[in-house]
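Chemist: Below you'll find the structure I mean.
Computed from the coordinates by the stated procedures, all read-outs in this text should not be read as laboratory data. Because the structure is a prediction, the values reported are computed rather than measured. Glycine also receives a Cβ, built like all others from the backbone with ideal geometry; neighbour counts cover every protein chain displayed.
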Amino acid sequence: MFVSNAPSGDPPAAERAVATINDQPSLLSPRRCPMSRARPINCIIPPYILDRLLDSEDREVRQAAMDTLLVTARLRGERAVRASFAGAAAAGNGRRTIFDCEQGESLPNAVLARPEDGPEVADPSINRAFDALGLTRDFYKEVLQRNSVDGKGMRLDGYVHFGFQVNNAFWDGRQMLFGDGDGRKFKNLTGSLEVIAHELTHGVTDNTSEFEYHNQPGALNESMSDVFGSLVKQWSLKQTAEEADWLIGADVWTPGVGGDALRSMKDPGHAFDNPQFGKDPQPDRMSKFIHLPDTKRGDFGGVHFNSGIPNKAFFLTAARIGGFAWEAAGTIWYESLKASSAEDQFQDFAGTTFQKAAELFGAGSPEQSAVLAAWQEVEVPVRGVPTGVARVRTSSANGNGGAGREDGLAALARQIGALNDKLTGLAKDMAALRGAK
């Protein structure tokens, strides 16, 4: 038994059966090791959503959920095996190739559907996957000067119509796999740009911080994918932070229900609320942090739950800065991702974003002040910043303007500037301690 803020109760028989499968070591996989834990199979649909589908009164929906969970377990085992072998990703200057699995699960048997220089085809799933891979690649290249997901021109392969009515989209470390959905609770998974960008960003994280996929590092891993998935969509639509909806998966989940999504970065915990799935369980601050066991059944310590906390911090940062979120907030988060370590906790990453904001925009800048205010609001303190600074932040950043507000901002800027040298020294000391482990 574990302590959790998540919904409680005995799971039904089908759910317990799947949990048993998922919690057993794969017959193909090696014993758990840092590499296999750090690089799992990544998928967009949280396990708590699929669990609820197992309770559906619709037999076909239940079967699709069971099949999706079994496919996920198999892919996880296959990736664990690959992780035990050294090998470089295939270079290809970010070239896209889309294959059609024709509802099969064997990638070698998939049919070439559209290469990089190929024309648009009749199948909209193929074209959507092709376009979304290109938009994500171009975003990273044009906005963040990154050459594909690995920074070295990794080719982008996508497999559509993967399996029969599979309710998920996957990044398996080498390529993207798209299920068609069951047609009732999920539409075709190529129908959401931010979903595809989310999955490809797991590849970026694999090749930068390598956030371990459990507990707080795992929640940061998931949050990075939501952040840049949303930014790719905003960039493609040329939306400001104020204009964006900050929703993940609204275009592919519950097609018959309007106004809901898998997650809301703007308002974690309020992405959905309906009889089938209950209420969105994501927390938006540390006092609501959900404690789950570090197992497959426990979502590896609640990575899909607690990602709501850093998600909200990013939204607040972008909203306070204003304008296009990818220009300032996105750059701060990307440079912080590159500077982070695999075991970093929320507080570590908060401190890194605070430092990067100073390096990029200046100590005491509005951008750095926005970063500090955001993390304070989700109750993640920045190490070395005394509570007095937080009080000044509250009175200034949330005020109604006027001379008092300006005085507060000026005081905040002075205090932040005085702290930066101390924080830089602290960061060096922490880096030295990590190196000594």
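Chemist: Among residues other than Lys279 whose Cβ falls under 14 Å from its Cβ, what is the net charge (Lys/Arg +1, Asp/Glu -1)?
Modeler: Cβ neighbours under 14 Å give a net charge of -2.
Chemist: Over segment 240-374, what is the relative contact order in whole percent, taking alpha-carbon pairs under 8 Å and six or more residues apart?
Modeler: 19 percent
Chemist: Another question, then. From zero up to wherever the largest Cα-Cα distance of segment 137-250 sits, split into 5 Å bins and tell me the percent of pairs in each.
Modeler: 2, 12, 20, 22, 21, 15, 6, 1
Chemist: At 0.36 nm per residue, minus the direct Cα-Cα distance, what do Leu360 and Lys152 gain on full extension? Give it in nm, one decimal, please.
Modeler: 72.5 nm
Chemist: Something else: Between Val257 and Gln145, what is the label-to-label distance in nm when each label sits 7 Å out along the Cα-to-Cβ direction?
Modeler: Between Val257 and Gln145, the label points sit 4.5 nm apart.
Chemist: Output the Cα-based Rg and Dmax of segment 107-199 in Å, rounding Rg to one decimal and Dmax to a whole number.
Modeler: 13.2, 40
Chemist: Still on this model: Want the number for Lys279 to Gln345: 0.36 nm per residue separation, take away the alpha-carbon distance, what's left?
Modeler: The Lys279-Gln345 span can extend by a further 21.1 nm.
Chemist: Can you tell which of Phe277, Ser264, Ile290 lies farthest toward the positive end of the dipole of segment 248-300, using +1 and -1 charges on the Cβ of basic and acidic side chains (Lys, Arg; Asp, Glu)?
Modeler: Ile290
Chemist: At 0.36 nm per residue, minus the direct Cα-Cα distance, what do Ala122 and Glu57 gain on full extension? Give it in nm, one decimal, please.
Modeler: 19.9 nm is the gain from fully extending Ala122 to Glu57.
Chemist: Under 5 Å between amide hydrogens, which residues at least 5 positions from Val149 or on another chain qualify, with H placed 1.01 Å from N in the peptide plane?
Modeler: Under 5 Å from the amide H of Val149 lie the amide H atoms of Met154, each far enough along the sequence or on another chain.
Chemist: Whole-Hz Karplus ³J(HN,Hα) for segment 265-272, in order, using 6.51 cos²θ - 1.76 cosθ + 1.60 and θ = phi - 60°, x for Gly and Pro?
Modeler: Karplus-based 3J(HN,Hα) across segment 265-272 equals 6, 6, 9, x, x, 10, 6, 7 Hz.
Chemist: What ranking do His161, His291, His198 get, fewest neighbouring Cβ atoms within 10 angstrom at the top?
Modeler: Ascending number of Cβ neighbours within 10 Å: His291, His161, His198.
Chemist: Work out Dmax and Rg for segment 295-363 from the C-alpha atoms and quote the Rg first, both in angstrom.
Modeler: Cα-based Rg and Dmax for segment 295-363 come out at 13.4, 44 Å.
Chemist: Given all pairs of different Cα atoms, what value in angstroms does the Kirkwood hydrodynamic radius of segment 13-315 take?
Modeler: Radius from the Kirkwood sum: 19.2 Å.
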